[in-house]
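*Asks:* To start, I am sharing the structure in question, which I have written as structure tokens.
Values in this text are rule-based calculations from the coordinates and carry no lab data. For clarity, every value in this text was computed on a predicted model and none was experimentally measured. We place every Cβ from the backbone using ideal geometry, glycine too, and count neighbours over all the protein chains shown.
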Amino acid sequence: QKEVEQNSGPLSVPEGAIASLNCTYSDRVSQSFFWYRQYSGKSPELIMSIYSNGDKEDGRFTAQLNKASQYVSLLIRDSQPSDSATYLCAVIRGSTLGRLYFGRGTQLTVWP
Amino acid sequence: DAGVTQSPTHLIKTRGQQVTLRCSPISGHKSVSWYQQVLGQGPQFIFQYYEKEERGRGNFPDRFSARQFPNYSSELNVNALLLGDSALYLCASSPDGQRNQPQHFGDGTRLSIL
């Protein structure tokens with residue numbers, strides 16, 4: 001079982017819709033969770049971090065964490081074509097200080 | 001404020017050669033991590049350094065080595081290059097590499113092995 005798993009997609013949504021991206025992780029004692037956005041040919045850009053159960057909102061982005069289910073998600077409201085990118089879920093496990101484990105990423109396309 | 005800077009941006013090498021990649025962290029950040037990203041995959045952890053000491057190492061062969069300098073910049077060295085080393089090499093920095101600190105990435109070095 002991989003440490004972090006994401007639906008590879010691609011996910012396609014119309015402009016203005018809600019895009020929902022999901023991620024599961026294997027290490028029950030993982031403590032820190034991050035979402036990165038990566039445009040084609042570019043490096044990952046941090047968009048959200050979450051550390052405790054529940055929801056965290058930042059503009060059009062909402063991260064949701066459920067440690068009991070080992071599940072973290074990212075919702076993008078009012079999706080825009082500029083949101084089209086690959087979204088990477090990253091986790092810091094309980095036993096490894098500062099080492100990010102990434103999923104393969106979910107490719108999102110927002111069509112006008 | 002400048003973000004994480006990496007050099008060079010692109011590099012073409014042949015099999016068997018050696019390469020050195022460089023990284024300067026965000027000002028005030030003391031921890032630097034290196035990741036390798038091959039096409040279609042998420043980044044894979046190679047090394048983490050904090051205060052010039054290696055804090056962690058991923059599942060990479062001994063051909064990969066790194067170091068951190070007193071000004072917290074870092075170099076990644078790869079010897080005896082293989083075709084499979086072709087990838088985007090990413091450097092990330094954080095204040096002191098703790099679990100609750102997001103890591104911010106540079107633009108990466110794209111390494112192509114012929």
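*Asks:* Give the residue list of chymotrypsin sites (Phe, Trp or Tyr not before Pro) in the stretch A:16-98 that are DSSP loop and have at most 15 other beta-carbon atoms within 10 angstrom. Can you show the working numbers first?
*Replies:* Values: sites: A:Y25, A:F33, A:F34, A:W35, A:Y36, A:Y39, A:Y51, A:F61, A:Y71, A:Y87; in loops: A:Y39, A:Y51.
Taking the stretch A:16-98 and a limit of 15 other Cβ atoms within 10 Å, the loop chymotrypsin sites (Phe, Trp or Tyr not before Pro) found are A:Y39, A:Y51.
*Asks:* Ok, one more. Taking the Cα centre of the protein assembly as shown as origin, sum charge times position over the Cβ atoms of Lys and Arg (+1) and Asp and Glu (-1), and report the length of that vector in debye to the nearest 20. Kindly include the intermediate steps, with their values, before the conclusion.
*Replies:* On the way: 22 positive and 19 negative charges, 108 e Å.
In total the dipole reaches around 520 debye.
*Asks:* Mean separation of Cα pairs under 8 Å and 6+ residues apart, divided by the residue count of the stretch A:3-112: what relative contact order is that in percent? All intermediate terms of the calculation are to be shown ahead of the outcome.
*Replies:* Details: 283 pairs, mean separation 42.4, N = 110.
That works out to 39 percent.
*Asks:* Something else now. Can you give the local net charge around A:G94? Use residues other than it whose beta-carbon is closer than 12 angstrom to its beta-carbon, Lys and Arg +1, Asp and Glu -1. If you can, show how the numbers build up before the last one.
*Replies:* Details: positive: A:R28, A:K67, A:R93, A:R99, B:R99; negative: A:E3, A:D27.
The answer is +3.
*Asks:* Also, I was wondering about something else. How well do other chains shield peptide A:27-38, expressed as the mean number of their Cβ atoms within 10 Å of each residue Cβ?
*Replies:* Working: counts 0, 0, 0, 1, 2, 5, 0, 2, 0, 6, 0, 5.
If you average over the peptide's residues, the count of other-chain Cβ atoms is 2.
*Asks:* Now for a different question. Is there a simple number for the mean count of other chain Cβ atoms within 10 Å of the Cβ of residues in B:46-54, and what is it? Please report the intermediate quantities before stating the final value.
*Replies:* Details: counts 0, 1, 5, 0, 2, 0, 0, 0, 0.
If you average over the peptide's residues, the count of other-chain Cβ atoms is 1.
*Asks:* Hey, another quick one. For the protein assembly as shown, which semi-axes, largest first and in whole Å, follow from the square roots of 5 times the eigenvalues of its Cα gyration tensor? Spell out each step's value before the answer.
*Replies:* On the way: eigenvalues 171, 81, 52 Å².
In descending order, the three semi-axes are 29, 20, 16 Å.
*Asks:* Only Cα pairs within less than 10 Å get springs; with that Gaussian network setup on chain B, which residue of B:S27, B:S93, B:S73 has the largest fluctuation?
*Replies:* B:S27
*Asks:* How high is the relative contact order of chain B, given as a whole-number percent (alpha carbon pairs under 8 Å, six or more residues apart)?
*Replies:* Working: 298 pairs, mean separation 42.0, N = 114.
Worked out over chain B, it gives 37 percent.
*Asks:* Which net charge results when you count Lys and Arg as +1 and Asp and Glu as -1 among the other residues whose beta-carbon is under 13 Å from that of A:A19? List each step's numbers first, then the result.
*Replies:* Working: positive: A:R37, A:R60, A:R77; negative: A:E15, A:D78, A:D83.
That works out to 0.
*Asks:* Within the stretch B:14-114, list the GluC sites (Glu not before Pro) lying in a DSSP loop whose Cβ has at most 15 other Cβ atoms in a 10 Å radius. Please list the in-between numbers first.
*Replies:* Working: sites: B:E51, B:E53, B:E54, B:E75; in loops: B:E51.
Within the stretch B:14-114, the qualifying GluC sites (Glu not before Pro) (loop, at most 15 other Cβ atoms within 10 Å) are B:E51.
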